[in-house]
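Engineer: Structure incoming, see below.
Computed from the coordinates by the stated procedures, all read-outs in this text should not be read as laboratory data. Because the structure is a prediction, the values reported are computed rather than measured. Note that each Cβ is placed from the backbone with ideal geometry, even for glycine, and that neighbours are counted across all protein chains shown.
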Amino acid sequence: MTSSSPGLAPDLAPKPPPGPAAVAAPAPAGPGGPRRRRSRRTTLRLLNALSIVGGVGVWWLLSLNGFQFPTPPEVVAKAVELWSNGTLVEDALASLGRVLTGFLLGSLAAVPIGFLMGWYTVARGLLEPWIQFFRTIPPLALLPLVLVLLGIGELPKVFVIFLAAFLACVISTYQGVVGVDRTLIDAARVLGAKDGTIFLTVVVPASTPFILVGMRVGLGSSWATLVAAELLAAQAGLGYRMQQAQLYYDIATIFVGIVVIGVLGLVMDRLLLLAETRLTGWQERR
Amino acid sequence: MTPMTPTTPTTPTAPTSTSTAKISVREVRKTFALRNEEFVALDGVSLDIADNEFVTVVGPSGCGKSTLMNILAGLEEPTSGHALVDGEEVSGPGPERGVIFQQYALFPWLSVRKNIEFGLKVSGLGRRERRERAEHFIRLVGLERFADALPKMLSGGMKQRCAIARAYAVDPSILLMDEPFGALDALTRVNLQEQLLDTWSREKRTVMFITHDVDEAVFLARRVVVMAARPGRIYDVVDVDLPYPRTEEVRLSPQFAALRNRVWHSVYHQEPASGRP
């Protein structure tokens, strides 16, 4: 993660390339001054808005010219309908519930196991082959097996999400612990700290940025896994709703599903980003 | 000009007798396995440092000066020989030996004040006493205005002052400093040298200060230990009989120049180890 400025894609925020954005900025202030930066920001925002409006416009044009898309007003109408009859809320809550349960359990398990692997050679030796092996398998590929073993209730879906979140977070935590600056540990030791204290006061805070990055990646892959799992086996949820809509050729509902999934994913990611900014603001960024 | 050769390279004369030495290094040897070769970082190093003495160690890279410091800090163990502090064998780090690292090693998630309090908290000191002690050392190094700032807000010089205060706060009787000013620009470095001596004169400690800068070595020390590489060993010991406080006047005096020349020769015109080609 390189950026912490909210509301912008992380890879865009730190240094906007001096392209048309900079040229268009009416910036009489000196180079790099706060005024110029602000105006550059406004320009970026304007371009963002322009891009969204333009995209929707293209969509509208396409749907009016023979494509099988519903028009934007049709999608909005569908969203209002699904909202007022309660299905949208019900589906969103079902999906959110699964994702949050799997994601939280996965991260909760990943942090101590990642620490164990980073701190104790024995734990690393025993756990690493399994984690490296399962990491290469998309959690969804385990779904058939999990369905056979755990039935078709909530458990198999939560389990694959758990796995997705766990694998992303455990690797990252482990790397964070292994990468803790040796001199910081030495500094704590010469100040009289013993292993337990060093772990809590040095290793944990030093690896927090890694844990949070792992959680963000884990959240992304949880969300992706969830929707796919619901497409395969569910009685409620956004993925399930889209799958049903597909059967009835109800493209408007599919569009609503896609937008809601995107918005919910974005909101959760921003919340984690916010936590990251608050918890790891001490980092020196070069 | 012929290079200075020490009369007895491996057993430099100690200013005090062994029994009263604060730090006593006896025939320390340290080897590392480097692929299949054995690398001799330290060979037959013996050195006594008296209580409240300021000793600098200078030498080319690979002479084992950092290894020697790490052994005294308890971060590494000698392959053979003894490292004694107050007559007792060093085993592991301890709060009576404060260490200052070249890379500052401040905890980046803690403010200046919390960094300085770290060692006090570890030792179980109460909150109020911690505050007071930290306050005293924040003032001592002149960081009052930055007490609640995070390390990322500080310049290199301020970071090192914070690290010095943190080491001082746990009240060590020995300060081990590993090229603490090595990463700073020349002006800041001169400033910090003077501040360090000022701090030291008010809060006397036994100091072993490692550097690669001959000027710095002579300016700070009562005694300069010159080391040589391949194998790492003590090559020369130079007494610096200049008065403290060391002012700019001292730094620009002909006596200082003469001593610096002497140390310079010892560092830059070393003869290879005897018995080796």
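Engineer: In Å and from the alpha-carbon atoms only, list the Rg and Dmax of chain A.
Structural biologist: 23.2, 75
Engineer: Would you kindly derive the ³J(HN,Hα) couplings of the range B:78-95 from the backbone phi angles with the Karplus curve 6.51 cos²θ - 1.76 cosθ + 1.60 (θ = phi - 60°), listing them in order in whole Hz, with x for Gly and Pro?
Structural biologist: Rounded to whole hertz, the list is x, 5, 8, x, 9, 10, 10, 10, 6, x, 10, 4, 6, 9, x, x, x, x.
Engineer: In addition: For the range A:72-279, what is the relative contact order in percent, using Cα pairs closer than 8 Å and at least 6 residues apart in sequence?
Structural biologist: The normalised contact order for the range A:72-279 reaches 28 percent.
Engineer: For B:GLU249 and B:THR188, what is the calculated FRET efficiency with R₀ set at 22 Å and r taken between the beta-carbons, to the nearest 0.05?
Structural biologist: 0.55
Engineer: Before anything else, pin down the relative contact order of chain B: Cα pairs under 8 Å, at least 6 apart, normalised by residue count, whole percent.
Structural biologist: Reported as a whole number, the value is 26 percent.
Engineer: Ranked by Cβ crowding within 10 angstrom, fewest neighbours first, how are B:LYS152, B:LYS114 ordered?
Structural biologist: Ordered from fewest to most neighbouring Cβ atoms within 10 Å, B:LYS152, B:LYS114 come out as B:LYS152, B:LYS114.
Engineer: Turning to a different aspect of this structure: What three numbers, in Å, describe the spread of the alpha carbons of the range A:106-260 along their principal axes, ordered from the longest?
Structural biologist: Projected onto its principal axes, the Cα set of the range A:106-260 covers 70, 32, 21 Å.
Engineer: Taking loop as defined by DSSP and a crowding limit of 12 other beta carbons within 10 Å, which chymotrypsin sites (Phe, Trp or Tyr not before Pro) in the range B:208-269 fit?
Structural biologist: On the way: sites: B:PHE209, B:PHE219, B:TYR235, B:PHE256, B:TRP264, B:TYR268; in loops: none.
Filter output for the range B:208-269: empty list.
Engineer: If you filter the range A:248-286 for chymotrypsin sites (Phe, Trp or Tyr not before Pro), then keep DSSP loop positions with at most 10 other Cβ within 10 Å, what is left?
Structural biologist: Values: sites: A:TYR248, A:TYR249, A:PHE255, A:TRP282; in loops: A:TYR248, A:TYR249, A:TRP282.
Here the sparse-neighbourhood loop sites are A:TYR248, A:TYR249.
Engineer: Additional query: As a footprinting exposure proxy, order B:HIS269, B:HIS136 by other Cβ within 10 Å, with the fewest listed first.
Structural biologist: Exposure proxy ranking, most exposed first: B:HIS269, B:HIS136.
Engineer: Stokes-Einstein diffusion coefficient for the range A:117-168 at 10 °C in a medium of 1.306 mPa s, Rh from the Kirkwood formula over Cα pairs: what value in µm²/s?
Structural biologist: Details: Rh = 12.1 Å.
The diffusion coefficient I find is 131 µm²/s.
Engineer: I would also like to ask the following. Convex hull over the alpha-carbon atoms of chain B: what's its volume per residue in Å³?
Structural biologist: Details: hull volume 39.9 nm³, N = 277.
Per-residue hull volume (Cα only) is 144 Å³.
Engineer: Next up: Tally Lys and Arg at +1 and Asp and Glu at -1 over the other residues with C-beta under 12 Å from the C-beta of B:ASN52: what net charge comes out?
Structural biologist: Net charge around B:ASN52: +1.
Engineer: Can you sort B:MET153, A:MET242 by how many other beta carbons sit within 10 Å, fewest first?
Structural biologist: B:MET153, A:MET242
Engineer: Given a Förster distance of 45 Å, report the FRET efficiency between B:ARG131 and A:LEU145 from their Cβ-Cβ distance, rounded to the nearest 0.05.
Structural biologist: It comes out at approximately 0.15.
Engineer: With a Cα-only, solvent-free Debye model of the protein assembly as shown, what are the log10 I(q)/I(0) values at q = 0.07, 0.10 Å⁻¹?
Structural biologist: Normalising to I(0) and taking log10 leaves -0.62, -0.96.
Engineer: Take peptide A:192-198, look around each residue's Cβ out to 10 angstrom, count Cβ atoms belonging to other protein chains, and average those counts.
Structural biologist: Neighbouring Cβ atoms belonging to other protein chains average 4 per residue here.
Engineer: Give B:LYS121/B:LYS159; B:LYS121/B:LYS152; A:LYS194/B:LYS65; B:LYS22/B:LYS121; B:LYS30/B:LYS159 a once-over and call out the pairs whose C-alpha atoms are over 24 Å from each other.
Structural biologist: Working: B:LYS121/B:LYS159 20 Å; B:LYS121/B:LYS152 22 Å; A:LYS194/B:LYS65 26 Å; B:LYS22/B:LYS121 27 Å; B:LYS30/B:LYS159 32 Å.
Pairs exceeding the cut-off: A:LYS194/B:LYS65; B:LYS22/B:LYS121; B:LYS30/B:LYS159.
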